[in-house]
Amino acid sequence: MSVVSPLHPFRCALQGIEDALSTQRHLRIHVVVAGFVALFGLLLGLPHIDLVLLLMAIALVIITELLNTAVELTVDLVSPTLHPIAGRTKDIAAGAVLIAALVAAAVGIIILAPPLLRALVASPLSAKSAMLAATAIGLAGSLVTALLPRPPRRRASS
Ligand SMILES: Nc1ncnc2c1ncn2[C@@H]1O[C@H](COP(=O)(O)OP(=O)(O)OP(=O)(O)O)[C@@H](O)[C@H]1O
């Protein structure tokens, strides 16, 4: 009888996240944005409840993106050729990601914008404002880089 390590499911889950991160560009974008949002939250010294809400919004987007990836892979497995139901399934899963991303963006703006503006207006030349501005530039730069069109990837021939 083979003994499966109690850590096996955990390792499988980590492998799944690594797989999705290495293949899904949108997931990488969400993770980068999440990192910057968390940095903003810490720099602004937000109350715990706001940090928790931001974390939940970030988790919602990453979880839906992971589930969307799983749905896409399953659809590709069961319907390698085009089928209207396969297309609808992928569109519906993508719709879940879109809703999560829109809600997370709204939560981020509602929570971050007022203290961010207050900090920048109150002391525009302080070290804190410089760090906030650098974080904003970093966020904008990585978003532009992530969204720039790339040459199509070559598919491995079987
Ligand atoms: N087997 C299929 N049958 C019918 N339509 C499909 C099928 N596969 C994909 N589509 C359509 O093409 C769209 C894009 O599908 P695709 O698999 O390229 O996903 P994607 O959104 O580009 O995701 P990713 O970039 O993460 O791979 C789907 O939302 C769906 O409308």
Could you work out [θ]222 nm for the chain from helices alone, using -39500 (n - 2.57) per DSSP H run of at least four and dividing by all its residues? Round to the nearest 500 deg cm²/dmol.
-28500 deg cm²/dmol
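Could you check how much of the accessible area of the chain is carbon and sulfur, as a whole percent, using a 1.4 Å probe? Walk me through the intermediate numbers first.
Values: 8360 of 11290 Å².
The nonpolar share, carbon plus sulfur, comes to 74 percent.
Using +1 on the beta carbon of Lys and Arg, -1 on that of Asp and Glu, and nothing else charged, what's the dipole of the chain about the Cα centre, debye to 20?
Computed charge dipole of the chain: roughly 380 debye.
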Exposed loop trypsin sites (Lys or Arg not before Pro) only (DSSP loop, at most 15 other Cβ atoms within 10 Å): please give the longest stretch of the chain free of them, not including the sites.
1-152
Calculate how steeply helix 25-43 sits against the longest principal axis of the alpha-carbon atoms of the chain, using the helix alpha-carbon long axis, and give the answer as 0 to 90 degrees to the nearest 10.
30 degrees
Once the whole set of protein chains is in place, how much accessible area is left on Ile49, using a 1.4 Å probe, in Å² to the nearest 10?
110 Å²
Taking the solvent-accessible surface of protein heavy atoms with a 1.4 Å probe, what is the per residue accessible area of the chain in Å²?
71 Å²
Along principal axes, largest first, the alpha-carbon spread of the chain in whole Å comes out as 60, 45, 27
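The values are calculated or read from the model by the stated rules, or taken from the named source; none is laboratory data. Keep in mind that what you see is a predicted model, and the values were worked out from it rather than measured. Because the Cβ atoms are built from the backbone with ideal geometry, glycine has one as well, and the counts that use them run over all protein chains shown. Accessible surface is based on the protein model in full, side chains and every heavy atom, while ligands, DNA and RNA are left aside. Shrake-Rupley method; radii C 1.70, N 1.55, O 1.52, S 1.80 Å.
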